[in-house]
C-alpha cells in the first residue's frame, strides 16, 4: 500500500484520536470538569451505569420516605435495587429482540390516564413530578419500560397459563371442605431464599439471616423496613405486601399459620423448598354472599349490513319482517327464514341472557319490553334486530360467580409462580459481570 494511501486509510482514526486527546486535555484543564459516568454492571448486551443506580436509589428512597418506611442500610438497598435493574435490563433486551415496542401514542395515553387518576392535568402532573425530583422525560422512560415488560410477561408467561375445569372443581371442593373457605387475608411477606441444592454451610447462613430478621422484628422494627433489608422477594422494597388473598390462593404452609394469628401478628419462620418465610397478618375478612341477578330469556332476528346490503336496504327488509310479525306470522318461523344470526336454527332463541351479555343498544331495548312484546327494528353494531322477550327471572349466580372467581384466582397464582420461575431462569442464563465493588 502506498504511503499516501495509508494516510488516507488511517485519517479518520487519527482525527478521532486527536479529538479525544483534545477533549481529555480540556476536561483536565477546566476547573468545572464533569465526572464521567461509570459502568457498574454488564448485563448480556447492555450495561448499567452508576448514574442509573443512583437515580433509582433516589426514587426508591423518596417513595419509602413518603410511605413513612424507615430506610434499610444503604448497602442492602443498593444490592436490592441493582438486582432489580439487572432483571429489568434482561427483560427489556429480550423484548427488544422480540420486536415488542411501545409507541409514543400509547405512552401518551397511559400518562394521560395516570394524570387523570390523580385528578391532575398532564401539566399539573409534570409539576408534581418535578416537585418530587423527577423529570417528565425520565418518568416517560420508566413507564415505557414497565409497559414493555408487562407485554413481554403477557406473551411469554401469562398467555401460556391454562386453567382446566378439573382444576376449578378441585379448587371449589377444597373450599367446600374448609370451614373458612370464604376467609381472605391481607398479608405481608419476607422471603430469605435458599439456593437449590444448598450446602449445609449455605443453609446455615440463610438460617442465620432469617434469625437476625426475626430479632429485629421482635425488637419492634417496622416490618416494611426489615423486608427491604432482608427479603429476597421481588416486592421486598414495597414492604413485602401481597395484598388480599383468598384462603385457597395461599399455600397450606402459610394458611395453617395464618388461621391462628391475630391481626398485626408476625409468624415464626416457615421453612419451604424456596427458603424461609416470615408472614405478617395485616387484616382478615370473610363471609359468604349470594349473587342474585335479573335474567331475560329473549329471541331476535338479525339482518347484517354488508357491502351488498346497505343501511337503507337492511332497514327496509327489517320493516317488512316487522309488518309480517304484526300480522300474526310466528316469530320463530321468520327467524329461521330470515335471521342471519347463529340462533336462527333455534327460532332466534338466545336462551337466558345476563346483564352485559349483549351490546348496550340491544340490552336497553330488551329491558324496556314487556313479556311477549316485539320491538321495533333496533340498530346495533351488528346490524338491524327485532327482539322479543319470552321470560324474566331472578337467578342465583353464586355458583357461576364462584367458578369465575376460582378461575381468576388459579390463573393469578399460576401466573405469579410461572413468572418468578421464568425470571429466575432468565437471570441464571444471562452473562452478568458486576463492577460495583470497584467503587470501594
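Bear in mind these aren't lab numbers, they're just calculated from the coordinates by the rules spelled out. Please read all numbers here as calculations on a predicted model, not as lab measurements. Every residue, glycine as well, gets a Cβ built from its backbone with ideal geometry; the counts of neighbours run over all protein chains shown.
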> What is the mean projected area of the alpha carbon convex hull for segment 374-431, to one decimal in square nanometres?
Replying inline: 8.3
>> Quick check on the exposure proxy: order 384, 352 from fewest to most C-beta atoms within 10 angstrom.
In response: 352, 384
>> Helix 104-117 against the longest principal axis of the chain: what's the angle in degrees, Cα atoms only, rounded to the nearest 10?
In response: 80
>> Which three numbers, in whole Å and largest first, are the semi-axes of the equivalent ellipsoid of segment 293-396 derived from its Cα gyration tensor as √(5λ)?
In response: 22, 15, 12
>> Taking the number of other C-beta atoms within 10 Å as the exposure measure, put 301, 387, 40 in order starting with the fewest.
In response: 40, 387, 301
> If you wrap a convex hull around the Cα atoms of segment 183-286, how much volume per residue is inside, in Å³?
Replying inline: 91
>> With angles folded into 0 to 90 degrees, how steeply does helix 74-97 sit against the dominant principal axis of the chain? Use alpha carbons for both and round to 10.
In response: 60
> From largest to smallest, what semi-axes in whole angstrom does the chain give when each is the square root of 5 times an eigenvalue of its alpha carbon gyration tensor?
Replying inline: 56, 37, 21
> Rounded to the nearest 500 deg cm²/dmol, what is the calculated helix-only ellipticity per residue at 222 nm for the chain, with -39500 (n - 2.57) per DSSP H run of length n ≥ 4?
Replying inline: -17000 deg cm²/dmol
